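Enquirer: Just passing along the structure, written as structure tokens.
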Amino acid sequence: MTSISRRHFAGLAAALASAAALSACSGSSGSNGSSTGKVVWSTWGSPEELKVFDTFQDAFKKANPDIQLVFQPTPSYSEYHSKLLTQLSSNTAPDVFYVGDDRIASVIRNKVLMPIEGASVTEADFASSLLDIARWDGKLYALPNDVNPDTLWYDKQALKTAGITEDPAELATKGQWTTAKFFEMTAKLNAAKLTGAVYWNYWATHDGFMTTFGGKVYDNEKFVAHEDAKSVQGLSEYAKRFQSGELKLADLLPEGSGEDTLLVTHKLGFLAAGRYTIGAIKGAGVDKNLYDVVRWPTPDGKAAPTGVAASYLAINAKTKDAKAALTFFSSFLNAEGQKLRLEGSGNAVPSIKGADDIVLADKYPAHAQTMLDMRDNGYSNYPAEAAIPDLSNAIAVDYMQPLYQGKKTDAQAVLNEVAAFVAKKQG
């Protein structure tokens, strides 16, 4: 599994609510039936995953009978963006489409997106830290359709097996969830022949290792992590644990023993993953109350920002019916629309204000508020990095993965290499 393959989770919402609910949210977007035209929209996902949009589309068509809605999905994340770029250059792109957070800044700079003006949803409705990546020359060109902060899911039974009696979420509430305490737990899990923690290898992981230590990754357009002692320390401390086997990459786990399997068979202490993990736990038929979430630890026990995985919705600058496109765009993104797409699914966290009850309504996991707190305290991929196609993936696979595997052992040297690589790519 590549470092970007996990991204199919972000934004694949289960539209399980009624058509009446969508009718209400469509009405709030300004659609009154007077807009005529066609909206072609697209995202990525397998056929099974994409079925979740059927109810949404049927309801939208019912609420907006004058708009012809056409869905043009693509199976994989990587294929999707290649296809989209080709379509944009040949003037055959959809009217409204998803863009990943490692691509959105580069697509914006191609001047092929319509500025977000005239939509009933505005930037004030969203966490400002998630919007910088979608802004260029003072204008906003996309909005996050939903997000997934990587909370640390933990298995209480696995912790008990390792002789751990303290509860991570309770420690966090007291301001005592320190990096030292976390590493103490992963060491005990490893000693009990369990996996301490599993992470996905992508930008939010290695950047999170650095920012939770108080470090910086970019200063505007410049990569500065190699010059920041706290960033170097954070990456070094985590790299040591990967090299010792306490921590593992989900991308490299053997088939049949993936991260979800380890979690639901009580062989894993912590899993850094999004809200979609609820589905894996419930689907396995295990006692869901054995699992909870906690924010990432920090040296002083105080909360610190981490990366938030997201996908963004954008409008083609050459759409033939801007009014119809804006109607769909607003209906998809506003609070009512996000509730319709996300309620009961466990797939993602809403990106807009006013829809937080989606996460809290079931009171599961017990500390579900952590997902919202990490969203609000988090950050999107850095614009300088996302402006260069495939740069985020190259950093993860070509530089961070060898460090975690022990093929390279010096975090400072690796960050020096990344700095040189980024500078070269920036020209």
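Enquirer: Enter the Cα centre distance for the pair the stretch 269-325 and the stretch 227-246, rounded to the nearest angstrom.
Expert: With the stretch 269-325 and the stretch 227-246 each reduced to a Cα centre, they are spaced 24 Å.
Enquirer: Project the alpha carbons of the stretch 31-108 onto their principal axes and report the range along each, largest first, in whole Å.
Expert: Principal-axis extents of the Cα atoms in the stretch 31-108, largest first: 35, 29, 19 Å.
Enquirer: Still on this model: Quick one: which residues, 5 or more positions from Lys248 or on another chain, have an amide H under 5 Å from its amide H? H modelled 1.01 Å from N in the peptide plane, none for Pro or chain starts.
Expert: Under 5 Å from the amide H of Lys248 lie the amide H atoms of Ala197, Val198, Tyr199, each far enough along the sequence or on another chain.
Enquirer: Residue-wise, which Karplus ³J(HN,Hα) couplings in Hz belong to the stretch 410-416, taking 6.51 cos²θ - 1.76 cosθ + 1.60, θ = phi - 60°, and x for glycine or proline?
Expert: Those phi angles translate into 9, 4, 4, 5, 5, 5, 4 Hz.
Enquirer: Using θ = phi - 60° and the Karplus form 6.51 cos²θ - 1.76 cosθ + 1.60, what ³J(HN,Hα) does each residue of the stretch 187-203 get, whole Hz, x for Gly and Pro?
Expert: Karplus values, whole Hz, x for Gly and Pro: 5, 5, 5, 5, 5, 8, 6, 10, 7, x, 7, 10, 10, 8, 8, 8, 3.
Enquirer: Still on this model: Could you sort Lys339, Lys61, Lys425 by accessible area so the largest value comes first, with the probe set to 1.4 Å? Each step should come with its number before you reach the end.
Expert: On the way: Lys339 55, Lys61 85, Lys425 110 Å².
Per-residue accessible area, sorted high to low, gives Lys425, Lys61, Lys339.
Enquirer: While we're looking at this one, here's another question. Amide H to amide H under 5 Å from Asn64: which residues, 5+ apart in sequence or cross-chain, H placed 1.01 Å off N in plane?
Expert: none
Enquirer: Which percent of Cα-Cα pairs in the stretch 118-158 sits in each 5 Å bin, short to long?
Expert: 5, 15, 26, 17, 10, 7, 7, 6, 4, 2, 0
Enquirer: Per residue, how much accessible surface does the chain expose to a 1.4 Å probe? Answer in Å², no decimals. If you can, show how the numbers build up before the last one.
Expert: Values: 16280 Å² over 427 residues.
On a per-residue basis, 38 Å².
Enquirer: If you don't mind, there's one more thing I want to ask. For the chain, which longest stretch is free of loop sites, where a loop site is one of the GluC sites (Glu not before Pro) that DSSP puts outside H, G, I, E and B and that has at most 14 other Cβ atoms within 10 Å?
Expert: Details: sites that count: Glu117, Glu166, Glu221, Glu255.
In the chain, the maximal stretch lacking such sites is 256-427.
Enquirer: Please give the per residue volume of the convex hull enclosing the alpha carbon atoms of the stretch 227-345, rounded to a whole number of Å³.
Expert: Working: hull volume 25.5 nm³, N = 119.
Considering the Cα atoms of the stretch 227-345, their hull volume per residue is 214 Å³.
Enquirer: What value in Å³ per residue do you get for the convex hull of the alpha-carbon atoms in the stretch 63-186?
Expert: Values: hull volume 27.3 nm³, N = 124.
It is 220 Å³ per residue.
Enquirer: Let me ask something additional. How much of the accessible area of the stretch 120-257, probe 1.4 Å, is carbon plus sulfur, in whole percent? Display every interim value, and only then the final one.
Expert: Working: 2410 of 5330 Å².
Using a 1.4 Å probe with all protein chains present, the stretch 120-257 comes out at 45 percent carbon and sulfur.
Enquirer: Under 5 Å between amide hydrogens, which residues at least 5 positions from Lys38 or on another chain qualify, with H placed 1.01 Å from N in the peptide plane?
Expert: Result for Lys38 returns Gln68.
The values are calculated or read from the model by the stated rules, or taken from the named source; none is laboratory data. All figures in this text were calculated on a predicted structure; none of them were measured in a lab. Glycine also receives a Cβ, built like all others from the backbone with ideal geometry; neighbour counts cover every protein chain displayed. The area values use the complete protein model at the heavy-atom level, side chains included, leaving out ligands, DNA and RNA. Shrake-Rupley method; radii C 1.70, N 1.55, O 1.52, S 1.80 Å.
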